[in-house]
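Student: Dropping a structure here in structure tokens format, bear with me for questions.
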Ligand SMILES: C[S@@+](CC[C@H](N)C(=O)[O-])C[C@H]1O[C@@H](n2cnc3c(N)ncnc32)[C@H](O)[C@@H]1O
């Protein structure tokens, strides 16, 4: 019955109850849309705009003193927008991503430009390597999409993959960003201009806020003629203290805090912030 189906659609799951990032980033249709967002240098969707990335790479190279001897791992590298520029500055770069479409694009760009980047197609929660890195990146608030348990796994991996003097740079959503979010619900024919499917569909969206956990869920239920699926986009919002605490529980410490990964000074009003961390 339609009533019961709508009740199910509007049910609030437990924080991080379902992990569907793979559906969003690797589905044949949505991964194509995501790649086109990444490659549109004038918008901040999937990746930040081209000018920001250029500034960010400049800052990263100078702040971390990257040279031909430096090894960098970019977790969730997408089509390699940072990886290619960092490799262009001589760093030895490994890019990890589970979107085949993005990794194939990244490999093609690296090949065309003669950049010896090591692209690895895998889920970064399962990535293993013997290599140790001077710098580990996770950019565009990807850390926020992970559950507390997944973040612990990720930080454990980061710690084990760092050289003794190595650093981590990642960005997250702030509590200011959390305050700006509102709960919402609705539906739309071919929601988001056909983003979810090439055919006709009804897209239901629910934004749920979890005040205590500082989590937001953007939930999309896509109803097509022959299937219904739900994509859960979880976002953990952090205070600087909460993020420091997570690093410290994993044997690391936050040493610097900025408003973004281009080194903008920290501002508590910013909807995002970035940290540099190292092993204790
Ligand atoms: C928001 S995009 C950011 C891409 C890139 N860091 C940038 O700023 O241009 C997140 C990327 O992480 C990848 N990703 C998300 N979860 C992943 C996972 N569990 N394993 C590997 N890659 C993942 C997605 O495929 C996507 O390319």
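No lab work stands behind these numbers, since they all come straight from the coordinates. The structure displayed is predicted, hence computed values, not measured ones. Virtual Cβ from ideal backbone geometry, glycine too; neighbours counted across all protein chains shown.
Student: Distance in nm between label sites at residue 43 and residue 213, each 7 Å beyond Cα in the beta-carbon direction?
Tutor: 2.9 nm
Student: Which value at 222 nm does the chain reach when only helices count, each DSSP H run of 4 or more adding -39,500 (n - 2.57), with the total divided by all residues and rounded to the nearest 500 deg cm²/dmol?
Tutor: Rounded to the nearest 500, the figure is -10000 deg cm²/dmol.
Student: Classify segment 25-100 from the C-alpha gyration tensor, please: rounded if a/c falls under 1.5, else prolate or oblate depending on whether a/b exceeds b/c.
Tutor: oblate
Student: With angles folded into 0 to 90 degrees, how steeply does helix 100-112 sit against the dominant principal axis of the chain? Use alpha carbons for both and round to 10.
Tutor: 30 degrees
Student: Then there is this: What residues of segment 136-169 lie in the reach of a label at residue 128, counting those whose backbone N is under 20 Å from a point 7 Å from the Cα along Cα→Cβ?
Tutor: 150-163
Student: Which angle between 0 and 90 degrees, to the nearest 10, do you get for helix 28-39 versus the longest principal axis of the chain when only C-alpha atoms count?
Tutor: Relative to the chain, helix 28-39 is tipped by roughly 50 degrees.
Student: Taking Cα atoms, how many degrees apart are the long axis of helix 240-249 and the longest axis of the chain, rounded to 10 and kept between 0 and 90?
Tutor: 70 degrees
Student: So how far, in whole Å, is the C-alpha centre of segment 94-148 from the one of segment 25-92?
Tutor: So the separation of the two Cα centres works out to 10 Å.
Student: Where is the GNM fluctuation largest for the chain (alpha-carbon springs, 10 angstrom cutoff): 58, 226, 23?
Tutor: 226
Student: Of the DSSP beta bridges with both residues in the chain, give the percent that are antiparallel, rounding to the nearest 5.
Tutor: Beta bridges within the chain, antiparallel portion: roughly 65 percent.
Student: Then there is this: Express in nm, to one decimal, how much length is gained between residue 51 and residue 185 on full extension, taking 0.36 nm for each residue of separation and deducting their alpha carbon distance.
Tutor: Stretched out fully, the residue 51 to residue 185 stretch lengthens by 44.8 nm.
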